[in-house]
1. Please verify whether the stretch 253-271 includes one or more residues that are among the β-branched types (Val, Ile, Thr), open to solvent by 30 Å² or more (accessible area, probe 1.4 Å), free of Cβ contacts under 8 Å to residues at least 60 places away in the same chain and not in a helix (DSSP H, G or I).
2. Which condition from (1) at pLDDT 80 or above; (2) buried (at least 18 other Cβ atoms within 10 Å of the Cβ); (3) outside any helix (DSSP H, G or I) is the one that HIS89 breaks?
3. Of the residues VAL315, VAL365, only one is open to solvent by 50 Å² or more (accessible area, probe 1.4 Å) and free of Cβ contacts under 8 Å to residues at least 12 places away in the same chain; which?
4. Determine which single condition ASP227 fails, assuming it passes every other condition in (1) over 15 Å from VAL75 (Cβ atoms); (2) buried (at least 17 other Cβ atoms within 10 Å of the Cβ); (3) out of contact with any Pro (no Cβ under 6 Å at 6 or more places or on another chain).
5. Of these, PRO37, PRO25, PRO32, PRO13, which one is out of contact with any strand residue (DSSP E or B) (no Cβ under 8 Å at 6 or more places or on another chain), closer than 20 Å to ASP227 by Cα, at pLDDT 55 or above and of a type outside the set (A, V, I, L, M)?
6. I'd like the full set of residues that are touching a residue at least 24 places away in the same chain (Cβ under 8 Å) and over 21 Å from VAL289 (Cα atoms), limited to the stretch 318-340.
7. Is it the case that SER205 is at pLDDT below 90 and in a helix (DSSP H, G or I)?
8. Among the numbered criteria (1) assigned to a helix (DSSP H, G or I); (2) under 30 Å from LEU373 (Cβ atoms); (3) among the small types (Gly, Ala, Ser); (4) modelled with pLDDT under 90, which single criterion is violated by ALA317?
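The values are calculated or read from the model by the stated rules, or taken from the named source; none is laboratory data. All values reported here derive from a predicted model rather than from experimental measurement. Note: ideal-geometry Cβ built from the backbone for every residue, glycine included; neighbour counts use all protein chains shown. These area figures cover heavy atoms from the full protein model, side chains too; ligands, DNA and RNA do not enter into them. Shrake-Rupley method; radii C 1.70, N 1.55, O 1.52, S 1.80 Å.
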Amino acid sequence: MTAHAHHGPDTDPEAAPPDPEPSAPSAPSASPARVSPVAVSRWVQLVLLPVGLLALYAIAHAAGTALLVFIVGAVIALVLNPLVKRLEHPQMPHGVSVLLAYLAVFAVLAGIVVLLVNPISSQVASFQRDVPDFTRSANRSLANLQGYLDDHGIGIHVKKQGQTALETLQKSVLRRSGALVSFTRDIVQSIATGAFALILVLVISIYMLLYAEGIGRLTRRVMPPGDGSAEDDFPLRAQKAVFSYVRGQLLFSLIMGATAGAALWLFGVLGIFPDGRSYALAFGAFFGVMELVPYLGPVLGAVPPILVALFQDPVTALWVALLFLVLQQLEGHVVAPQVFGQALRINPLLVIFALLFGTELYGIVGAFVALPLAAVARETVVYLRRHLAFESLGAAPTAPPCPVCGTRAEAGDEFCRRCGEALSAPIASGAS
């Protein structure tokens, strides 16, 4: 007599998920497979891990610019890889999708420039027309200051008789012409070096995108195996972490630039800073772009409006400086924690440490890449904590292995980590 099998989740032999391929995650609809964690012995924890961390730091410090170029290229590749995946088509070579991704990015940047160039150029032209008025205002302020100093017997000459403010500035510049020539030469060399490094970064990022599949397979072989789902695939987690950071940084710059522009426009409407209404868009766009620069960005972004206000009246400049001080406090205590707290999911103290560490190693460019690398480091730690089992450094508890599959039990386990079989007795976790 033939019995009909009940097609339930416990009896159907096809209900059990197959073992995932190590080179690629399975479809999201598939049930994740159980994977046992990789055991890390005591001597590896005590010897190899500290030595490995010191070696990584020594290599990063010794490699210098070469490693930095590869890091920046890798960050760009991680950011653009989702776009490349969206553009891929079975009938189209992979290299074409990489090219289309770069063309799309350049097209978006060009579109932003086109949208902003007309209003900003008109504001710049208006600023150029107002320069003579600014100069006359500066001359009056300088003459008033010199008169105040002379009336009170203070022997400081900020402006000599018969000289304008611009002439005074010109003589000061000429006295330092040698330093200016040296500074200009250093600037030209820095620009040439930066342009060459930028070309290398683009080339490296293109090659990384072309060989992204191979890099992903190699990473999955090096890291402990996941459960086969996209949520437990290390390359995808690292990619999402970097993309989340970039999205958060762009949102942060947009919020701060728009806030600065709106505040300056309001100052212009209220009569506190009349030119703020005329140049609100240009000042806001510049402040938003400068927010992409760690540490110095907020300060550099506030310089142009403060200088324009200083040409008009020192009191106006003081009000504009106080405005940007309030904006920086708002940025540090409200906007940044909200935006980057969701994007990075990293403690603010670790964010500060990452910025300081990156700056110490590679300067301002190191600060640029510090936060995306910190996001990848966080995903790495989370992934390894899930898939590594560290042997206790104290007295290890003894317990028989799983009676079904033979997997070694860990401290605190009541069920087998591989097959889910109930263990005969839970293992004490006091020594772990």
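1. no
2. Tallying (1) at pLDDT 80 or above; (2) buried (at least 18 other Cβ atoms within 10 Å of the Cβ); (3) outside any helix (DSSP H, G or I), HIS89 fails exactly one: (2).
3. Step by step, each of VAL315, VAL365 is checked, and only VAL315 is open to solvent by 50 Å² or more (accessible area, probe 1.4 Å) and free of Cβ contacts under 8 Å to residues at least 12 places away in the same chain.
4. Just one mismatch for ASP227, condition (3).
5. The unique qualifying residue is PRO32.
6. Residue satisfying the conditions is TRP319 alone.
7. Against the criterion (at pLDDT below 90 and in a helix (DSSP H, G or I)), SER205 does not qualify.
8. Here ALA317 meets the rest and fails (2).
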